[in-house]
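In what follows, a structure is listed as structure tokens, so that the remarks can point back to it.
The values are calculated or read from the model by the stated rules, or taken from the named source; none is laboratory data. Just so it is clear, the model here is predicted, and its values are computed rather than measured. A quick note on method: Cβ atoms are made from the backbone with ideal geometry, for glycine too, and the neighbour counts reach across all protein chains shown.
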Amino acid sequence: TQPRRISILGATGSIGQNTIDLVARDPDAYDVVALTGGRNIARLAADALALHAEVAVTCHEDALPELRAALAGSSVEAAAGDAALVEAARRPADWVMSAIVGYAGLAPGLAALEGGATLALANKESMVCAGALMLETARRSGGRILPVDSEHSAVFQALIGEDISAVERVVITASGGAFRDWPIERLAGATPEQASTHPNWAMGQRITIDSASMFNKALELIETREFFGLDPDRIETVVHPESLIHALVGFTDGAFMAHVGPPDMRHAIGFALHHPQRRALPVARLDLAAIGTLTFRPADETRWPALRLAREVMHRRGLSGAVFNAAKEAALDAFIERQIGFQQMSQVVEHVLDRVSAQAGLDDAVIDLDKVRAADHLARQLAAEFI
Ligand code: NDP
Ligand code: MG
């Protein structure tokens, strides 16, 4: 069989490196087209050389000389900047991993979909900001989207062979993040360092902080609504501190199909890489007798207001997801830079959503990338003023 042409957007990050770990185990199976990164030029160049990529791209134009130097004498092309990123994502490929963090991942992911690729989607922000546009682009081009976020991969797997009309509800689990056992009064003083540790998963810093604030779960609720097209009232979250059940699908006959697995992203990445086959993966096997107990508790919207705000976005749809995400990204930046406290992040997002609510066009059913860009820009501006 022919090697599959693959690209990895966000190759230097946590998901990108886990993807490369799987790909590098079977080098003959893949022709690597593009690898992209940001500041970590040494990692990007080393992986591009080892995997014989066609092109390596950094989003930072000022880093091009360093990337060129690191690739000198090899056949790997070097490129830089946002336009180069989109161009690389557009190069013909069978399978593209979308693992850039944040809103920046939307345009390259769309470009890959436009080319008809199968897009393995870790970048949940794409579905939150422009779910309808992503699905429509895939439909038009003959491409497809496979979820990589662990909860959505779990739901996807639980739905194989099932009829979506028999789904009563979907429950995605939440670890509860770094502060799940803190008394609520302590949260006001939580620091970025404290929020940057995760009880179960090793991930990039931004998603780790988003786990502590539950903004990650909020994004995932919206992602579930967009990806599976379910009524928001059928989508729930529950705190499950062990992070072994990733999601459950409840059917009209009372059955619950739960997806259980170790907290290792190589499972969901590998599932998307090999779909529709299931192949052996180098993840730990669970010893249920040793684990003993799985526990669950309610996800409290007073402790985590992000969950309440997500529900509003799930009902409104249109451009409200782009506004929600942009305000969240601005608030997260401000928290990391110590301009605002931990609990003020949700206040920023709520304020921006309220301010934009009055504006025309937020509920537009038909959205395109220009409208999403404008909504993103406006939300960041309003967030900055409020901060
Ligand atoms: P990381 O922060 O570890 O990696 C982000 C990647 O994006 C890096 O390659 C980084 O480059 C690059 N990057 C950063 N900013 C930009 C930009 N403005 N333009 C282009 N590229 C950029 O993130 P994660 O791997 O943790 O997460 C990636 C995505 O996957 C996120 O959307 C996250 O929500 C999602 N996800 C992650 C999970 C995980 O386990 N980590 C689980 C489920 C979903 P560099 O580092 O070189 O600067
Ligand atoms: Mg997840």
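Out of the residues in segment 354-378 that are farther than 15 Å from Ala130 by Cα and small (Gly, Ala, Ser), state the one that is modelled with the highest pLDDT. Please lay out each step first, then the result.
Keep residues of segment 354-378 that are farther than 15 Å from Ala130 by Cα, which gives 354-360, 378.
Adding the requirement that they be small (Gly, Ala, Ser) leaves 357-358, 360.
Working: Ser357: 82, Ala358: 74, Ala360: 62.
Here the answer is Ser357.
Restricting attention to helices (runs of 4 or more DSSP H) lying wholly within segment 1-107, give those where 3 or more residues are within 16 Å of ligand 2 (Cβ to nearest atom). Let's see the steps before the verdict.
Working: elements: 14-24, 41-50, 64-71, 82-90.
Helices (runs of 4 or more DSSP H) meeting the threshold: 14-24.
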How many residues are more than 16 Å from ligand 2 (Cβ to nearest atom) and among the aliphatic types (A, V, I, L, M) when one looks only at segment 184-211?
5
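Applying the selection to segment 187-224, what residues are of a type in the set (A, V, I, L, M, F, W, C), in a helix (DSSP H, G or I) and within 9 Å of ligand 1 (Cβ to nearest atom)?
To start, the set of residues in segment 187-224 that are of a type in the set (A, V, I, L, M, F, W, C) comprises 187-188, 190, 195, 201-203, 207, 209, 212, 214-215, 218-219, 221-222.
Right, trim to in a helix (DSSP H, G or I) and you get 187-188, 195, 207, 209, 212, 215, 218-219, 221-222.
Hits for segment 187-224 are Ile207, Leu219.
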Residue match in segment 34-55 (condition: within 19 Å of Thr118 (Cβ to Cβ) and either within 11 Å of ligand 1 (Cβ to nearest atom) or surrounded by fewer than 18 Cβ atoms within 10 Å (Cβ to Cβ) (or both)):
yes
So, in segment 313-359, exactly how many residues are under 21 Å from Thr224 (Cα atoms) and part of a loop (DSSP other than H, G, I, E, B)?
3
Matching residues, segment 226-279, being within 13 Å of ligand 1 (Cβ to nearest atom) and aliphatic (A, V, I, L, M)
Ala247, Met265, Ala268, Ile269, Ala272
Is there a residue in segment 78-86 that is more than 18 Å from the chain's Cα centre (by Cα), among the charged types (D, E, K, R) and near ligand 1 (Cβ under 10 Å from one of its atoms)?
yes
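Could you pull out the residue among Ala120, Ala29 that is more than 13 Å from ligand 1 (Cβ to nearest atom) and either hydroxyl-bearing (Ser, Thr, Tyr) or touching a residue at least 24 places away in the same chain (Cβ under 8 Å) (or both)? I'd like the intermediate steps shown before the answer.
On the way: Ala120 fails: more than 13 Å from ligand 1 (Cβ to nearest atom).
That would be Ala29, the only listed residue that is more than 13 Å from ligand 1 (Cβ to nearest atom) and either hydroxyl-bearing (Ser, Thr, Tyr) or touching a residue at least 24 places away in the same chain (Cβ under 8 Å) (or both).
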Scan segment 325-376 residue by residue and report those that are touching a residue at least 24 places away in the same chain (Cβ under 8 Å), closer than 30 Å to Arg186 by Cβ and among the acidic types (Asp, Glu).
Glu329, Glu350
Per the filter on segment 1-16, residues crowded, with 18+ Cβ neighbours inside 10 Å and either more than 10 Å from Met97 (Cβ to Cβ) or within 11 Å of ligand 1 (Cβ to nearest atom) (or both) are Arg5, Ile8, Leu9, Gly10, Ala11, Thr12, Gly13, Ser14, Ile15, Gly16
Just checking, how many residues over segment 148-171 are touching a residue at least 60 places away in the same chain (Cβ under 8 Å), surrounded by fewer than 21 Cβ atoms within 10 Å (Cβ to Cβ) and either away from ligand 1 (no atom under 16 Å from the Cβ) or among the small types (Gly, Ala, Ser) (or both)?
7
Filtered residue count, segment 126-168, keeping only those that are more than 12 Å from Gly229 (Cβ to Cβ), assigned to a helix (DSSP H, G or I) and either away from ligand 2 (no atom under 16 Å from the Cβ) or not β-branched (Val, Ile, Thr) (or both):
20
Somewhere in segment 290-304, is a residue of a type outside the set (Phe, Trp, Tyr), in a helix (DSSP H, G or I) and over 23 Å from Ser346 (Cβ atoms)?
yes
Residue, farthest from Asp163 (Cα to Cα), within segment 174-204, restricted to residues that are touching a Ser or Thr at 6+ places or on another chain (Cβ under 6 Å) and without any contact (Cβ under 8 Å) to a residue 40 or more places away in the chain:
Ser196
